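No value in this document is a laboratory result; all are computed from the given coordinates. Here the structure is a predicted model, which means the values were calculated and not measured. Note: ideal-geometry Cβ built from the backbone for every residue, glycine included; neighbour counts use all protein chains shown.
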Amino acid sequence: MAGRYESWFVSARDVDAGRPARALWIRHTRHRFAGSDQDSGALWCTVFDPAGGDGPAAVKESALELNGAYRAGAEGFHGGARARGRMAEWDLTVSGSSELRHLSPSVLYRLPLPKTKLVAPVPDGVVSGRVVVDGVVVDVVGWRATVGHNWGREHAERWVWLHAAGFVDEPEAWLELALARIRVGGALSPWIANGAVFVGGRRFRLGGLGHVPGVRVVAAPGRLEAIVPGKGVEVRVAAHADLDQTVNFTYTGTRPGDTRSVLHAGLASVRLGVRRPGRSSAELATVAGGAYELGARELDGHGVPMQPYPDP
C-alpha cells in the first residue's frame, strides 16, 4: 500500500502602516506511511510578532488520532494544539478570490508525477477571527491571507513556496509561486515553476512544463532570487526574510526516515518586477507582505533552531 500525505494551511499577514507587522501560519496535516493502514495527523500554529521581542511562537500537536472538533478549508480554520507545555487555539474565517490550480497542464493532477499535487483554494483573501498562543490573544481583523492545499505520495527533493501581497504601489496585486526540483528515476530535475501573478487587474499564469528552460532560481535560507516566465508575462522576484523571524520544522514523508527540513518565514520583504510584451514594466515592493518557505531533504538551518515537535 502506497503512503500518502495531505495538508491544508492558511498564511496571513497584518502589515498596515502605523503598527508593527504580524503574521500567522496554521497547518493541518495527515499522513500514512507506506504499507500501513493507520493515518496520523498534526495541528500546527505559528505566530510571527517581532514587536513581542522574541522569535516566532510555534506549537505543533501530533497524534495517531486527533481528538476534538477541528476544520480546515477554503472557508476557515478551527482547532487547537498542545505540546511540550505550550498551547494554541484558533478560530478563523476566510474569504477571497477563486481557486488557483498550480500545475499546468491540468492532466498532471491525474498522472503519477509530480508526486506532490497543490492548489490554492484562496490565492488571495482576507482572514478574521482569533488566535490564542500560551494565553496571549491575537485578534485577527482583515489580515491579507492565502489558503493552500497539498497532497501526494512524496515531498519534492527541494522546493520553494512564496506568497506576496500588500504591494505599496498596487495594493490589489499578489504573487503565488511554487518552485520545485523533483527526482525522476535517478535524476534530479531542473527547477520547475508553477503559480500565478495578479497585476493590472489580470491574473497571469506562471511556469508550467513549457517554460522550464527559462526558470532561474537561487534559493537559500532567508533569501530568494528567481526569474520565472509565464503566459504573456515574466516575473523577476527577490525575497528576503530575517532568520530570527523564521521557524525550522521537520516534514515527515510517507516512509520512515524520509523527512525534509523546512524553513518558513512569515514576514518576508519581496521585490517583484513584472514584464509584459508591449507594456511598460511594473516594479512592485512590499516590506513584510510575503511568506517564504524553503524545504529540502538536507538543509542547513543557518542557526535557526529546529522546533522540537516530531510526528508520531
- Of the conditions (1) surrounded by 15 or more Cβ atoms within 10 Å (Cβ to Cβ); (2) in contact with an Asp or Glu (Cβ under 9 Å, 6 or more places away or on another chain), the single one that Arg297 does not satisfy is (1)
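Name the residues in the stretch 195-229 that are of a type in the set (A, V, I, L, M, F, W, C), under 18 Å from Arg158 (Cα atoms) and without any contact (Cβ under 8 Å) to a residue 60 or more places away in the chain, would you? Break it down into steps so the answer makes sense when it comes.
If we filter the stretch 195-229 for residues that are of a type in the set (A, V, I, L, M, F, W, C), which is where we start, we get 196-199, 204, 206, 209, 212, 215, 217-220, 224, 226-228.
Among the residues that remain, those that are also under 18 Å from Arg158 (Cα atoms) are: 209, 212, 215, 217-220, 224, 226-228.
Within the stretch 195-229, Val212, Val215, Val217, Val218, Ile227, Val228 qualify.
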- Considering only the stretch 261-279, state which residues are under 20 Å from Phe48 (Cβ atoms) and surrounded by 23 or more Cβ atoms within 10 Å (Cβ to Cβ). Leu263, His264, Ala265, Gly266, Leu267, Ala268, Val270
- Item | The lone exception for His149 - which of (1) more than 24 Å from Ser7 (Cα to Cα); (2) within 17 Å of the chain's Cα centre (by Cα); (3) not small (Gly, Ala, Ser) it fails | (1)
- Can you find even one residue in the stretch 64-74 that is within 30 Å of Arg202 (Cβ to Cβ) and either without any contact (Cβ under 8 Å) to a residue 24 or more places away in the chain or acidic (Asp, Glu) (or both)? no
- Of the residues that sit in the stretch 75-85 and are in contact (Cβ under 8 Å) with a residue 12 or more places away in the chain and assigned to a loop (DSSP other than H, G, I, E, B), which one is surrounded by the most Cβ atoms within 10 Å (Cβ to Cβ)? Glu75
- Counting only residues in the stretch 230-260 that are small (Gly, Ala, Ser) and touching a residue at least 60 places away in the same chain (Cβ under 8 Å), the one surrounded by the fewest Cβ atoms within 10 Å (Cβ to Cβ) is identified as Gly253
